[in-house]
Amino acid sequence: MATPRVSVLILGAGGDLTKRLLLPGLASLLAKHPYDVQVIGSGIDERSDADWQQLIRDSFAKVEDPSIAEQYLRDARFLTADATQEADLQKLLDACDGTPVIYFALPPAVTAKVCAALRRIDLPEGTRLALEKPFGVDEASARKLNRLIGRLVPEEQVFRIDHFLGMSMVLNILGLRFANQFLEPVWHSGTVDKVEIIYDETLGLEGRGGYYDKAGALVDMLQSHLLEVLALIAMEEPPRLDETELRSNIAQVLRSTRVWQGDPVTASKRARYSAGRVGDRQLPSYADEPGVDAARKTETLAQVTFGVDTARWRGVPFTLRSGKAIGKYVTEVRVTMKPVETMPGMAGAPEPDRIVLDLKTGEVEFRLSMNGSDDPFELEQTVLRVKKDPGEMLPYGQVLRGILDGDPLLSVRGDIAEQSWRIVEPVLKAWREDRVPLEEYPAGSQGPEGWTAPTSA
Ligand code: BG6
C-alpha cells in the first residue's frame, strides 16, 4: 500500500448509484490494486455502521471475492448528516482519517448547495472533490458550479465523473488511432464519410424514473458520455498522454463541435417508447412508468448529428444516438469511409470500408472489400474481427483509480463540462419549443424506422 491513506466520503450514499456502480467499481479496483482507503457513507437517512458495512460486503461480493471487502470494513462508517449544513459537513470531515475525497452522489441542485456550504469551512489540505453527472443543468449553471468549486480546491483536485472514460474500449481509441501507421493517415474528411456513435440499451428505467424523466436520453447519454467519445475519435494526437495535454485536445475538439449545419430541427430526432416486450420483460409505456410526468415529453431515444469544424473534419457528420428499451444492445462507434471507384473490369460494387468498435463487448471489426473466393474478379465484403478482452477492472474502478491516485487524466475538466452543455443547448431549446416531433417506438423494437445518419457534405 504505497499511496497515502484516503478517506472516500460518499454523500448521498443511500442512493442507487452507490450500490450499483460505485462500490462494485471500488471492489474491482481494490482487488487488483490495494489502496489504504476508508469508506464513509453519508445520507439523510438513519443507518447503522453495521448496515453500511453489510452494503459494502454485498456490493463487493457481486464482482469480487467476498474476502476483499473484509480489510476495508473495520473503519467503514455511516454518518447521518445533511451535507448542505456546515456543522454536519464538519462532522463528516472530522470522521475522515485520511485525505478526504468528497464524492457527490447527489442531484445537481444539492451538489451546488453542499459546495456553497463547503466554502464556509476549512477543507483539509489535499481534499479532492468527485462529482457525478449531470454536472449542472445547462451551460450557465455548469459555469457557476465550476466557479464555486474553483474557490474550494484547485482544478487538479476536481474529478467530474464520466465512467465512459474508464471503459477499456474507449481508451483503446487512443492506441488504435495513434499507434497504427495505416489508420491515422486516413482519419480525416478526405476519406471518412461519416461517424456514428451509438449506445442503444435494452434496459428500461430500472427504477430511476425520478432522475431520468428530468434528464432524458440527450442529457443522460449524449451530452456527457457520447460527446467524450466523439472527442477521442476526432481529436489531434496529444503531445503527451497526461491530464493537461489529453484534456486540452478533448476541449479543443469540443470547442469546434456544433449542431450539424447549425439547424437543431433537421439535425435531431427524439422518441419515447410505448408498451412492448424487451426479451422476456414486458415494459409499460414510458409515460406510465413510475416517477414519469408524461407532460414533460421526455425522450428515451435521442439522435443528434454534429459537425466538427476543423480542417480535419469539416463536412463529416458525427451522429450520436442512444436509447432505452431497444430490442438489442448496439454500443458501437462506426467510422464509414467514402466509397471507392473500382477499376474497369472488376465486377461487383464494393461497400464502403468501415471500422466498428464495440464499446461494451470489446469487439473491433474491419469491414473491407476483397476479391471473391468463387470469382476472383468479383468483389466480396469481408469482415476481419477481433475481440479485445475488456480487462477485469470495471469502468468505475478505472475512474476511481485516478481519484485515489490524485490523477485527473480520466476525469472531465471544467471547461469540457461547459462545452458539452453549449453543444447540446440548441437541441434542448428546439425540443422544449416542440419544434422537433416526439416520435414513438414500441419497447423492444429498434426505434422508429428511417432514422438514418447523414453522409458527408
Ligand atoms: C449511465 C446512464 O451514465 O450510463 C445510464 O445514466 C446508462 O442511463 C449507463 O444506462 C450506460 O453505461 P453502462 O456502462 O452501464 O453500459
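The values are calculated or read from the model by the stated rules, or taken from the named source; none is laboratory data. Since the model is a prediction, treat every value here as computed from it, not as a measurement. Positions of Cβ are backbone-derived with ideal geometry, glycine not excepted, and every protein chain shown enters the neighbour counts. Remember, those area values only see protein heavy atoms, side chains included, never the ligands or the DNA or RNA. Shrake-Rupley method; radii C 1.70, N 1.55, O 1.52, S 1.80 Å.
List of remarks:
- Residue, farthest from the chain's Cα centre (by Cα), within region 170-224, restricted to residues that are within 24 Å of Ala267 (Cβ to Cβ) and among the basic types (Lys, Arg): Lys194
- Residue count, region 108-125 (criterion: of a type in the set (Val, Ile, Thr), closer than 14 Å to Ala87 by Cβ and assigned to a helix (DSSP H, G or I)): 1
- Candidates Ala61, Ala31 - the one that is of a type in the set (Gly, Ala, Ser), more than 22 Å from Leu131 (Cβ to Cβ), surrounded by fewer than 22 Cβ atoms within 10 Å (Cβ to Cβ) and touching an Asp or Glu at 6+ places or on another chain (Cβ under 7 Å): Ala31
- Residues of region 194-225 satisfying the condition of being in a helix (DSSP H, G or I), within 8 Å of the ligand (Cβ to nearest atom) and either at positive phi or of a type in the set (D, E, K, R) (or both): Asp220
- Breaking point among (1) buried (at least 18 other Cβ atoms within 10 Å of the Cβ); (2) in contact with a Ser or Thr (Cβ under 7 Å, 6 or more places away or on another chain); (3) part of a loop (DSSP other than H, G, I, E, B), for Glu46: (1)
- Residues in region 3-24 that are assigned to a strand (DSSP E or B) and over 21 Å from the mean Cα position of the chain (by Cα): Val6, Ser7, Val8, Leu9.
- Taken together, the residues in region 61-107 that are assigned to a helix (DSSP H, G or I) and either touching a Gly at 6+ places or on another chain (Cβ under 8 Å) or among the aromatic types (Phe, Trp, Tyr) (or both) amount to 1.
- Scan of region 117-146 for residues that are surrounded by fewer than 22 Cβ atoms within 10 Å (Cβ to Cβ), free of Cβ contacts under 8 Å to residues at least 40 places away in the same chain and closer than 22 Å to Glu156 by Cβ, ordered by number: Arg119, Ile121, Asp122, Leu123, Pro124, Glu125, Thr127, Lys144
Conditions (1) closer than 22 Å to Leu438 by Cβ; (2) of a type in the set (A, V, I, L, M, F, W, C), marked per residue:
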{"residue": "Leu205", "(1), (2)": "yes, yes"}
{"residue": "Asp220", "(1), (2)": "yes, no"}
{"residue": "Ala251", "(1), (2)": "no, yes"}
{"residue": "Val265", "(1), (2)": "yes, yes"}
{"residue": "Ala271", "(1), (2)": "yes, yes"}
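- Residue that is assigned to a strand (DSSP E or B) and of a type in the set (Val, Ile, Thr), where the choices are Thr336, Thr310: Thr336
- Test: residue in region 38-61 that is aromatic (Phe, Trp, Tyr) and within 17 Å of Phe159 (Cβ to Cβ): no
- The set of residues in region 126-155 being assigned to a helix (DSSP H, G or I) and of a type in the set (A, V, I, L, M, F, W, C) consists of Ala140, Ala142, Leu145, Leu148, Ile149.
- For region 337-367, a tally of residues being under 18 Å from Arg177 (Cα atoms), in contact with a Pro (Cβ under 9 Å, 6 or more places away or on another chain) and among the aliphatic types (A, V, I, L, M) returns 1.
- Selection from region 80-95 of residues that are open to solvent by 20 Å² or more (accessible area, probe 1.4 Å) and touching a residue at least 24 places away in the same chain (Cβ under 8 Å): Thr80, Asp82, Thr84, Gln85, Glu86, Gln90
- Enumeration of residues in region 261-279 that are surrounded by fewer than 17 Cβ atoms within 10 Å (Cβ to Cβ) and at pLDDT 95 or above: Gln261, Gly262, Asp263, Val265, Thr266, Ala275, Arg277
Yes or no, residue by residue, for (1) assigned to a helix (DSSP H, G or I); (2) among the aliphatic types (A, V, I, L, M):
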{"residue": "Met393", "(1), (2)": "no, yes"}
{"residue": "Leu400", "(1), (2)": "yes, yes"}
{"residue": "Leu404", "(1), (2)": "yes, yes"}
{"residue": "Gln419", "(1), (2)": "yes, no"}
{"residue": "Leu428", "(1), (2)": "yes, yes"}
